[in-house]
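For reference, the structure is listed below as structure tokens.
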Amino acid sequence: MEYIWARSLETGNAIVDNQHKQLFAELNKLFQAYRSGQEKQGMKKTLDFMLEYTLKHFADEEKLQEECGYPEYLEHKRLHDEFRSLIKALDVKLSQNGPTEDLILEVYTVLHEWLVSHIKTEDLKIVQHIQESSTNKRKRDLTPPRKGTGYEPSSNV
Ligand SMILES: [Fe+2]
């Protein structure tokens with residue numbers, strides 16, 4: 001299995017999009033490791049990557065949401081916090097019990113179910129919000145000002 005990036009997943013923010021692509025690349029590395037029987041060794045690397053990734057990427061994504069006035073910001077942030085805790089818990093399990101089969105399965109499931117579906121659903125809602133906001137702004141910009149505002153369009157145009 002391989003994750004292939006699709007343009008439909010783009011948020012339009014270069015930083016966030018590059019980080020999402022980086023995540024896909026990391027997941028693909030993990031699958032390659034699994035295919036070649038190296039997943040146990042790959043587990044620590046993957047979780048280290050995810051710990052750092054979730055700090056940096058979620059902060060950048062939350063900044064984007066604040067900047068565009070995303071109305072579901074708090075709920076989205078809660079999902080990010082939940083995911084950070086999940087990754088931390090997996091990392092603790094790894095240091096306590098090593099890369100057991102159960103842990104490997106859990107890491108795959110969490111990364112796939114949680115992150116990929118998060119990008120496809122929650123993150124795309126931000127994109128929609130940005131698109132709708134810019135369409136509404138364009139509409140406002142094209143609407144002639146109301147009479148009496150002192151900004152009426154000139155009658156001899
Ligand atoms: Fe997100």
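The alpha carbons of segment 96-144 give a radius of gyration and a Dmax of 20.2, 67 Å, in that order.
Note: relative contact order over segment 1-56, using C-alpha pairs below 8 Å and six or more positions apart, is 31 percent. In plain terms, the residue of Val107, Val127 with the fewest other Cβ atoms within 10 Å comes first and the most crowded comes last, giving Val127, Val107. Binning the alpha carbon pair distances of segment 1-86 at 10 angstrom intervals from zero yields the distribution 16, 41, 33, 9, 1, expressed in whole percent.
Under the simplified labelling scheme, the Asp17-Asn136 pair shows an inter-label distance of 2.4 nm, with each label point 7 Å from Cα along Cα→Cβ. Hull volume per residue, based on the alpha-carbon atoms of the chain and their convex hull, is 117 Å³. Site pair Ser85 and Leu55 shows an inter-label distance of 2.0 nm when each label is modelled 7 Å from Cα along Cα→Cβ. Computed on the chain, with alpha-carbon pairs under 8 angstrom and 6+ residues apart, the relative contact order is 26 percent.
Here, each number is a calculation from the coordinates, and none is a lab measurement. Fair warning: this is a prediction, and the values are worked out from it, not measured in the lab. Backbone-built Cβ (ideal geometry, glycine too); neighbour counts: all protein chains shown.
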